[in-house]
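Here's the structure, in structure tokens; my notes come after.
The values are calculated or read from the model by the stated rules, or taken from the named source; none is laboratory data. What you are looking at is a predicted structure, and each value in this text was computed from that prediction instead of being measured. Every residue, glycine among them, receives a Cβ derived from its backbone with ideal geometry; neighbour counts consider all protein chains shown. Side chains included, ligands, DNA and RNA excluded: accessible areas come from the protein's heavy atoms. Shrake-Rupley method; radii C 1.70, N 1.55, O 1.52, S 1.80 Å.
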Protein chains: 2
Amino acid sequence: MKRQAFFISDGTGITAETLGHSLLAQFESIEFEQVTLPYIDSITKAQEVVTRLNDLAQAGSRPIVFDTIVNQDIRDEISKADAFKVDIFATFLAPLEKELNMGSSYTVGKSHVGGDNKSYLARIDAVNFALDNDDGSKIKHYDKADIILVGVSRSGKTPSCLYLALQFGIKAANYPLTEEDLGNGDLPKALQAHKHKLFGLTIDPERLAAIRNERKANSRYASLNQCYYETEEVEMLFQRMNIPFLTTTDLSVEEISTRIMVDTKLNRRA
Amino acid sequence: MKRQAFFISDGTGITAETLGHSLLAQFESIEFEQVTLPYIDSITKAQEVVTRLNDLAQAGSRPIVFDTIVNQDIRDEISKADAFKVDIFATFLAPLEKELNMGSSYTVGKSHVGGDNKSYLARIDAVNFALDNDDGSKIKHYDKADIILVGVSRSGKTPSCLYLALQFGIKAANYPLTEEDLGNGDLPKALQAHKHKLFGLTIDPERLAAIRNERKANSRYASLNQCYYETEEVEMLFQRMNIPFLTTTDLSVEEISTRIMVDTKLNRRA
């Protein structure tokens, strides 16, 4: 079975897409062809969308539409399409207006602009911080870090730091624990003064070997032996040093980052 | 006016938070204190949340709750709270089930896991690509890039590349156009073979000067003169070379990235 799903917005479409993905994921046996149509911000563009939707319906497969269009004229246009429509704003804004005892502002794209400039700058600052302090390259700014992720190479540190920055405005550095750092029972010198900021990532050694093999096939670095040795050593180190840690094997960067926020009780800056 | 809003989930809470932000942004005159509570995946945790919500209600401010809890028992527990509840899944899943003629799977956390491993790997690959090809540091992989962002320093290239990677799985490199590259009427050598992949970013010179001053206060680099010169030169270059470009002054990375996807008609890999 296959159905077409559209996420339509006069802004970026991120809200419609995020909600749509979550809802469609509840129907595992259906394969959805998912299309995001952002910046549908004129009647002409809306009419093109309607034609596209109607063509699909006529071909026998009525499309599913998730939309977050705030402009009433554009929304009216889209509603003419022969589609199953999940109108996110219309559904929830009316009851919210009643609860808040106030009308809502229906400005085109309004909902998609991060109105809070300070919060936005915090995110961009944090991205720059993550880049400047990636992979143990610089260690002199660790006093300014909110958190320092530690773990073996390819355990998920860098993407998690970037996501923590983009999503939460958290300044996350990361330091790779390499063979030279392991086996002596102590933390690398660069980390010792910042023990309270450390958070460990580890990963199933077989998965690690698979990831490393994609990077450096058949190397010692990617060998199962080496991956077992390194992950065992870091996990012992985390435990000995009371460093909180997380196994990333089956987690996405979104999940790793969210769990880190929960476990460390860090306050988001964005 | 101030109201408390909670985004509650047994997964990461990203869906509830994204939708909640969008909806609350429509009420500009109310200040919302927004709290995300992810991984509420047990009755005990749910009971703690209910207590917290009831305390607020009793203090005179009924909280607003957006939830995407899929587990029925946990959802029932949360529903006991004295709160205005926007139940995202319950609202939309029933009509979707009818349209699709099929029950949905209510597994805890199901909706939050990116089930598509290939798509996830594409995102992580793209993040690594963006890091490896940031800031003109390496130019030998440009043949593997989906897009190369060009523009003056601090026009938004790096965060946009990272967002393109994380959100869309797009391999985006970036190359900073510095003073040495400008004024001679031609593209830097490293870019000439990849002209079809170039996308320009520019920015209002006064805004650019403000951003650069935060980085290097009172430098020539941050001076208004220099910022006017560089932005004028890059914009002339973009026009002369027929490079599509975007002014990033008032745009978030989400908006810059989405507009790039629309303008270039790039296909997402995630």
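Within the stretch B:42-72, the set of residues being at pLDDT below 95, within 33 Å of the chain's Cα centre (by Cα) and more than 22 Å from A:LEU93 (Cα to Cα) comprises B:VAL70, B:ASN71, B:GLN72. Please go through the stretch B:212-236 and give me each residue that is under 24 Å from A:ASN128 (Cβ atoms), open to solvent by 20 Å² or more (accessible area, probe 1.4 Å) and of a type outside the set (Phe, Trp, Tyr), ordered by number. Answer for the stretch B:212-236, where residues must be under 24 Å from A:ASN128 (Cβ atoms), open to solvent by 20 Å² or more (accessible area, probe 1.4 Å) and of a type outside the set (Phe, Trp, Tyr): B:ASN213, B:GLU214, B:ARG215, B:LYS216, B:ALA217, B:ASN218, B:SER219, B:ARG220, B:SER223, B:LEU224. State all residues of the stretch A:140-168 that are open to solvent by less than 10 Å² (accessible area, probe 1.4 Å) and in a loop (DSSP other than H, G, I, E, B); if no residue qualifies, say none. Once the filter is applied, which keeps residues that are open to solvent by less than 10 Å² (accessible area, probe 1.4 Å) and in a loop (DSSP other than H, G, I, E, B), the stretch A:140-168 yields A:ALA145, A:VAL152, A:SER155.
Taking B:ALA172 as the residue in question, decide whether it is open to solvent by 30 Å² or more (accessible area, probe 1.4 Å), more than 10 Å from chain A (Cβ to nearest Cβ), touching a helix residue (DSSP H, G or I) at 6+ places or on another chain (Cβ under 9 Å) and of a type in the set (A, V, I, L, M). When the stated conditions are applied, B:ALA172 does not pass them. For the stretch B:60-110, the set of residues classified as at the interface with another protein chain (Cβ under 7 Å from one of its Cβ atoms), assigned to a loop (DSSP other than H, G, I, E, B) and open to solvent by less than 10 Å² (accessible area, probe 1.4 Å) consists of B:THR68 only.
All conditions but one from (1) within 7 Å of another protein chain (Cβ to nearest Cβ); (2) open to solvent by less than 50 Å² (accessible area, probe 1.4 Å); (3) assigned to a loop (DSSP other than H, G, I, E, B) apply to B:GLU28; the one that does not is (2). Restricting attention to the stretch B:1-11, the residues that are within 9 Å of chain A (Cβ to nearest Cβ) and open to solvent by 10 Å² or more (accessible area, probe 1.4 Å) add up to 2.
Can we say A:VAL262 is open to solvent by less than 40 Å² (accessible area, probe 1.4 Å) and either touching a helix residue (DSSP H, G or I) at 6+ places or on another chain (Cβ under 6 Å) or of a type in the set (A, V, I, L, M, F, W, C) (or both)? Answer is no for this residue. Applying the criterion of being in contact (Cβ under 8 Å) with a residue 40 or more places away in the chain and more than 21 Å from A:ARG259 (Cα to Cα) to the residues of the stretch A:190-211, the residue that is most open to solvent (accessible area, probe 1.4 Å) is A:ALA193.
Checking A:ALA81, A:ALA94, A:ALA57, A:ALA5 one by one, the residue that is of a type in the set (A, V, I, L, M) and in contact with a Gly (Cβ under 7 Å, 6 or more places away or on another chain) is A:ALA5 and no other. Within the bounds of the stretch A:169-190, is there any residue that is part of a helix (DSSP H, G or I) and under 27 Å from the mean Cα position of the chain (by Cα)? Looking through the stretch A:169-190, none of the residues is part of a helix (DSSP H, G or I) and under 27 Å from the mean Cα position of the chain (by Cα). I'd like to check something: does the stretch B:237-251 contain any residue that is assigned to a strand (DSSP E or B), within 13 Å of chain A (Cβ to nearest Cβ) and either crowded, with 21+ Cβ neighbours inside 10 Å or touching a Phe, Trp or Tyr at 6+ places or on another chain (Cβ under 8 Å) (or both)? Checking the stretch B:237-251: at least one residue is assigned to a strand (DSSP E or B), within 13 Å of chain A (Cβ to nearest Cβ) and either crowded, with 21+ Cβ neighbours inside 10 Å or touching a Phe, Trp or Tyr at 6+ places or on another chain (Cβ under 8 Å) (or both).
When the residues of the stretch B:40-59 are filtered to those that are of a type in the set (A, V, I, L, M, F, W, C) and free of Cβ contacts under 8 Å to residues at least 40 places away in the same chain, the one that is surrounded by the fewest Cβ atoms within 10 Å (Cβ to Cβ) is B:ALA59.
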